[in-house]
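This report refers to the structure that appears directly beneath it.
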Amino acid sequence: MARPIVGIIGNSYLINDQYPAHAGGTMNSEAVASVSGCMPMLIPADPRFVSVPELLEMCDGFLLTGGRPNVHPDEYGEPETEAHGEFDRARDAITLPLVRACVERGQPFLGICRGFQEVNVAMGGSLHPEIREIPGRMNHRMPPDGTLEEKFELRHIVSLTPEGPFARLFGAAEVLTNTLHGQGIQRPGARVVIDGHAPDGTPEAIYIKDAPGFTMSVQWHPEWNAAMDPVSRPLFTAFGAAVKDWAAGLRPKALRSA
C-alpha cells in the first residue's frame, strides 16, 4: 500500500559555491519516513518549477524545513539590513501562500526553524533579524565548532502552556530541546498562538488558532535523532497521523461533501 506523501520544502544551494541545486537535509527525510511513516519527497521551492495548487494536489502534507536563508523582510513590511542575512526569495514565493492555503484547507504541515518563521510571516507576523542582540536574550545560534552531535545537543528548556496542545502531545509542561537559529518571532501573526517559550522569552512553539488541520511548528530542530528523542518522536508521529488521515480522505467538516 502506497505511503502518504510529505512534500519536504527544499532550499536553494550552491555546490562548491558554483553549481546551483535544491537541497534538503537527510535527517528530514529520515524523520518523515521512519517516524511519521510517510514517503518523503523533496520539493524544489521555486515558482519557476512548481505551483502551490499542484503541490496541494500532489502531496498529502508538508514539512517546512530549516535552512540558512531567512524570510525576506519585504514579506513583513520592513527594509532589508545586513542583520537579516541571506535570502531565498523563490522559497518565500512558494511557502508563504502554501501555508495560508493549508491553513484554510486543513491540510497538515509541520514547521521547523525557518519553517516556523515562515508560518508566522504567512499569517501576517514579523521577525527579529538577530535575537541575540536583544537585551536579555541568549544566543540561540548553532555553535560554530564541534561535531554534529555537539551542534544539535539539547541546550535549553521550552516551557509550554499547561494543558495546551504541545503539553498534551508531549505529556509535560517543560521539554528539553536543541537550538540553532538566529531570528525569531517579533510580532505574532493573526491567529498564531505562541504555546511555548525558551527561558529568555523567545517563542519556540506555535499553532494556528481555529485551524481545522495540523499546524504545529517549532523553532528548534526535532528532525535530529527523531526516532529516539522523547520530544521529536511524538511530534513526528502526530504529524504522520494527520497526513495519513488526509491521504485517507478524512477532511475538516467544512470541506466534506454535503
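Here are the numbers for the structure shown:
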| read-out | value |
| --- | --- |
| Other-chain or far-sequence residues with amide H under 5 Å of L42's (modelled H) | I8 |
| Residues in region 42-71 that a label on A101 would reach, taking backbone N under 18 Å of a point 7 Å out along Cα→Cβ | 42-65 |
| At most 15 other Cβ within 10 Å, DSSP loop - GluC sites (Glu not before Pro), region 55-111 | E80, E86 |
| Accessible surface of the chain, 1.4 Å probe, proportion on carbon and sulfur as whole % | 53 percent |
| Mean residue ellipticity (222 nm) of the chain, computed from DSSP H runs ≥ 4 via -39,500 (n - 2.57), nearest 500 | -7000 deg cm²/dmol |
| Sparse-neighbourhood loop sites, chymotrypsin sites (Phe, Trp or Tyr not before Pro) in region 46-93 - DSSP loop, at most 13 other Cβ within 10 angstrom | F49 |
| Segment A23-M58, length gained on full extension (0.36 nm per residue, minus Cα span) | 10.6 nm |
| Entry for semi-axes √(5λ) of the Cα gyration tensor in Å (calculated from the structure that is shown) out of (1) 30, 19, 17; (2) 32, 23, 17; (3) 25, 22, 19 | (3) |
| Relative contact order, percent, the chain [alpha-carbon distance under 8 Å, six or more residues apart] | 21 percent |
| Accessible-area ranking of T179, T161, largest first, probe 1.4 Å | T161, T179 |
| Rh (Kirkwood; distinct C-alpha pairs) - region 183-258, Å | 14.3 Å |
| Accessible area (Å², 1.4 Å probe, nearest 10) - C59 | 0 Å² |
| Probe 1.4 Å - accessible area at M228, Å² to nearest ten | 150 Å² |
| Of all DSSP beta bridges in the chain, antiparallel share, percent nearest 5 | 60 percent |
| Residues of region 142-258: accessible area per residue with a 1.4 Å probe, Å² | 48 Å² |
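The values are calculated or read from the model by the stated rules, or taken from the named source; none is laboratory data. Only a predicted model underlies this, so the values are computations on that prediction, with no experimental measurement involved. No Cβ is skipped: glycine too gets one built from the backbone with ideal geometry, and neighbour counts run over all protein chains shown. Only protein heavy atoms, including side chains, enter the accessible area calculation; ligands, DNA and RNA are left aside. Shrake-Rupley method; radii C 1.70, N 1.55, O 1.52, S 1.80 Å.
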